[in-house]
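> Can you read through this structure? Questions will come right after.
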Amino acid sequence: MDGELKVLWARRRMPVLEKLRTEKKGTLRGVKVAACLHVTAETANLALALKEAGAQVRLCASNPLSTQDDVAEYLRGEGVEVFAKRGEGEEEYWEHIRLCAEWGPDITLDDGADLTAYMHKNPELARGVRGGTEETTTGVLRLRALEREGRLLYPVIAVNESKTKFLFDNRYGTGQSTVDGVLRATNILIAGRKAAVAGYGWCGRGIAMRLRAMGARVMVIEVDPVKALEALMDGYDVVTVEEAVREADLLITATGNKGVVRREHLEAAKDGIILANAGHFDVEIDVKALREMALSSRPLRPNLVEYELPGGKRVYLLAEGRLVNLGAAEGHPSEVMDLSFSNQFLAVFRILEGGLEPRVHVLPPEIDERIARLKLEAMGGRLESLTEEQVRYLASWQEGT
Ligand code: NAI
């Protein structure tokens, strides 16, 4: 496909970033931004917005399977240095991160904290960095761990914690694109199938919601009693992994944890079960155990591998157990990345304002509100306003029955 046209198509669906892009033209001169993000058409628009603002941009992938090579090629032609190739091996993946880290960036943008962790394992690289951003839940968890150990060397803005990020990207973005990934890899009928979703956080609830809307009978697996209860009252069956694998035709993990589907579950799984992961790293399904247990395996379709287990049972794994929405589809729709990347873009300016301690920060609520207003307007929603009397009432204690 033509990378340029793909980026243009995405750009027209990212009106908030577009507005900020015009507003901030030429205001980042001389700033070096190293970004470790999924190399998609939406990321291209973020990189180009930074470039138009005057920054020099280096980009590497935050997942070996998510790079859109045509987009990477187009970006290179536009003066963004891209070090990423779809299907790159582990060694090449880290080599690309090294090339971004050793470049001496002022700012790091990250999705999953691999680049930030690399800078912190080589502290001399972190010295000149003014700050960083983090896009996803798993990355924020890793950064908070660094902070707890007192080892965070520069301030990082947890973009994931903005409401205009997690409420939309994690829920609607992951919800839709995960189902998209499953469909592109398998072309199965969702209606009437039994599906299980592990994790009822923002991603998991988006996936469960979309699967149910397409007619699946959905089970939820949770370890948090409150989230489990929410899932139950939202109308899902709440079950253990052991129960889910015996019944489900499709099981999707979205927990941000490791070892959710383990050897014992694979042994007990129903014949023909399809396994996919939407959590950040490929550690949620024990793919190693699956490969060890298998008598044979063969790719049946792009991003779909069949494993034959002892006794003749078949288990199907999508996108190697990596993020299925990015491996087997194109990641989140542009409309939702408009919100996430507007947060990323403004976070860069917040870092450059200075005054942030080397800790994990969140963006101020005014930024969330501004982004939400712009998006609402762009999508044709109209906001009611409070009357003066209502403002007074909400701030008072005197009036009651
Ligand atoms: P979250 O923290 O809102 O939800 C995770 C849920 O998983 C929690 O409710 C937790 O109790 C549950 N959980 C943890 N261990 C579990 C286990 N062993 N079994 C069952 N449930 C378990 O996190 P969020 O935002 O939903 O993110 C989940 C993962 O998805 C993270 O790795 C995040 O980085 C990733 N992510 C992926 C995206 C994608 O494009 N595929 C987009 C955004 C986030």
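Here, each number is a calculation from the coordinates, and none is a lab measurement. If you're wondering where the values come from, they're calculated on a predicted model, not measured in any experiment. Note that each Cβ is placed from the backbone with ideal geometry, even for glycine, and that neighbours are counted across all protein chains shown.
> Do any GluC sites (Glu not before Pro) in the range 134-215 lie in a loop, going by DSSP, with at most 11 other beta-carbon atoms within 10 Å of their beta carbon, and if so which? Please report the intermediate quantities before stating the final value.
Details: sites: 134, 135, 147, 149, 161; in loops: 135, 149.
Answer by residue number: 149.
> Still on this structure, please answer the following. On full extension of the chain, what length is gained from residue 141 through residue 298, given 0.36 nm per residue of separation minus the C-alpha to C-alpha distance?
53.0 nm
> Looking at the range 306-401, which trypsin sites (Lys or Arg not before Pro) are in a loop (DSSP not H, G, I, E or B) and have at most 10 other Cβ atoms within 10 Å?
382
> Turning to a different aspect of this structure: Largest first, please: the extent of the C-alpha atoms of the range 319-401 along each principal axis, to the nearest Å.
The Cα atoms of the range 319-401 stretch 61, 36, 26 Å along the principal axes, largest first.
> Please report, to two decimal places, log10 I(q)/I(0) for the range 1-148 at q = 0.17, 0.20 Å⁻¹ as given by the Debye formula with identical point scatterers on the Cα atoms and no solvent.
Each listed q corresponds, in turn, to -0.95, -1.28.
> Moving on to the next point. Can you name the helices of the chain, as whole DSSP H runs, whose Cα span along the helix axis is 24 Å or more and whose Kyte-Doolittle mean is not below 0.5? Provide the component values of the computation, followed by the final result.
Working: long enough: 334-353 (28 Å, 0.60).
Passing helices, by number: 334-353.
> Same structure, new question: What percent of all Cα-Cα pairs in the range 174-327 falls into each 5 Å bin, going from 0 up to the bin containing the maximum distance?
Histogram of Cα-Cα distances, whole percents per bin: 2, 11, 22, 26, 22, 12, 5, 1, 0.
> Under a 10 Å cutoff between Cα atoms, tell me which one of 280, 96, 361 has the largest fluctuation in the Gaussian network model of the chain.
361
> Further question on the same structure: From the backbone phi of the range 188-197, what are the Karplus-calculated ³J(HN,Hα) couplings (6.51 cos²θ - 1.76 cosθ + 1.60, θ = phi - 60°) in whole Hz, Gly and Pro given as x?
Once rounded to whole Hz, the list reads 7, 7, 7, 4, x, 7, 8, 10, 10, 10.
> Could you work out how much longer the chain between residue 242 and residue 396 gets when fully extended? Use 0.36 nm per residue separation minus the Cα distance between them, nm to one decimal.
Using 0.36 nm per residue and subtracting the Cα-Cα distance, I get 50.2 nm.
> So between residue 281 and residue 226, what do we pick up on full extension, going 0.36 nm a residue minus the alpha carbon distance? If you can, show how the numbers build up before the last one.
Details: separation 55, 0.36 × 55 = 19.80 nm, distance 2.47 nm.
Stretched out fully, the residue 281 to residue 226 stretch lengthens by 17.3 nm.
> Can you grab the distance from the C-alpha centre of the range 261-278 to the C-alpha centre of the range 43-102, Å, no decimals?
Each part reduced to its Cα centre gives a spacing of 34 Å.
> Another question, if that's okay. For all pairs of alpha-carbon atoms in the range 84-194, what percent lies in each bin of width 10 Å, listed from the first bin to the last filled one?
Pairs per bin, as whole percents: 13, 34, 30, 17, 6, 1.
> Here is a further query. Two decimals is fine: what's Rg over Rh for the chain, C-alpha atoms, Kirkwood radius as Rh?
Using only Cα positions, Rg/Rh for the chain is 0.99.
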